[in-house]
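Structure below; questions to follow.
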């Protein structure tokens, strides 16, 4: 990067502002030391007072209100002491800083306060029209400083808001990816570990069951690889497409989930009430992941000997998805170690993002996971159905 494009050091920019303010104020002073009472002031008083007062501008970024008061006091003091000198530069710079840092109401009050020393300055002109013109010019100069400061404040607020939105978007995207990876990997690993353990247990005594278990492992592995490939494709795509808008699993994939669960030894029944209808892709994905997570947790915590009931209840406005298991008397040893501890948390976030609510908790004989999800409008001509499969 060339030297011309390098940022000016803060100390240098502040020094330049201070030097310019002192120079402009002294240029407005004609060197006349005459006081209103007829005497002459020391020749060093105005330059020294200007430098000392304008030095307070170095603190304007932290104490804008106090610095403006100092400038107003100095200008007002000069207005009632000298015949033809009222410094203005410090007021303009301080008001600009006030408009940047404070609310519009506070900075507008500062703008109004600036009229006092300027009104004193205009009194030096006998012509009323000239007096009004000078006062108007001075107030417009201060108003321009306020407007520039206010625009700077608005620009900074917009930049901060964009940064917050970007941070929130990145955080949301990371959570979404974490949920997707958890749902894909945790389910597949749990099923495969349990199936391999079962195959090893019956490898000698029942080779056919062992072979069937390994077939399930293969099917689950292929399915998980396809989902991971799809997810990675979305992450690599330039458009950053929402996965809910792509070929995500939905309600039509639940039967395959149940088939894989039955292959592990779970006893799974499925019931559906009401008139099925179309769902938003994000809602369908949330329903699919809920069933997947509940089945995975049943395998990990209750073991393959448990029985599971999956229910889909349709109403005009909602779809209620319920997965309830009946745990055996003795849980499968070692399956709880497969838990990541984030499944239900991620599921709750997913359901809430889809506009629904989630209830989870133990029952007298097992555990229940239930979500109420928003349903899209469905054709009224379709008769109400009750479907039961096992």
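Readers should treat all values here as calculations from the given coordinates under stated rules, not as data from a laboratory. Bear in mind that the values here come from a model prediction, so they are computed numbers and not experimental data. Counting neighbours? That spans all protein chains shown, and the Cβs are built from the backbone with ideal geometry, glycine included.
Pop a pseudo-label 7 angstrom from the Cα along the beta-carbon direction at both residue 208 and residue 232 and give the gap in nm to one decimal.
For residue 208 paired with residue 232, the spin-label model returns 3.8 nm.
Please give the length that would be gained between residue 61 and residue 174 if that part of the chain were fully extended, namely 0.36 nm times their separation in residues minus their C-alpha to C-alpha distance (nm, one decimal). Could you put the intermediate results ahead of the total?
Values: separation 113, 0.36 × 113 = 40.68 nm, distance 3.68 nm.
Full extension of this stretch gives 37.0 nm more.
Further question on the same structure: How many angstrom lie between the Cα centre of segment 162-176 and the Cα centre of segment 62-99?
Going from one Cα centre to the other spans 44 Å.
Along its principal axes, what span do the Cα atoms of segment 184-312 show, with the longest given first and each in whole Å?
Result for segment 184-312: principal-axis Cα extents of 52, 39, 23 Å.
Provide the packing ranking of 309-316, 53-60, i.e. peptides ordered by the mean count of other C-beta atoms within 10 Å per residue, highest first. Please report the intermediate quantities before stating the final value.
Numbers: 309-316: 16.4, 53-60: 19.8.
Descending mean neighbour count gives 53-60, 309-316.
Now a separate question. Suppose the chain between residue 80 and residue 13 were pulled fully straight at 0.36 nm per residue; how much longer would it get relative to their current alpha carbon spacing? Walk me through the intermediate numbers first.
Values: separation 67, 0.36 × 67 = 24.12 nm, distance 3.28 nm.
Taking residue 80 through residue 13 to full extension adds about 20.8 nm, to one decimal.
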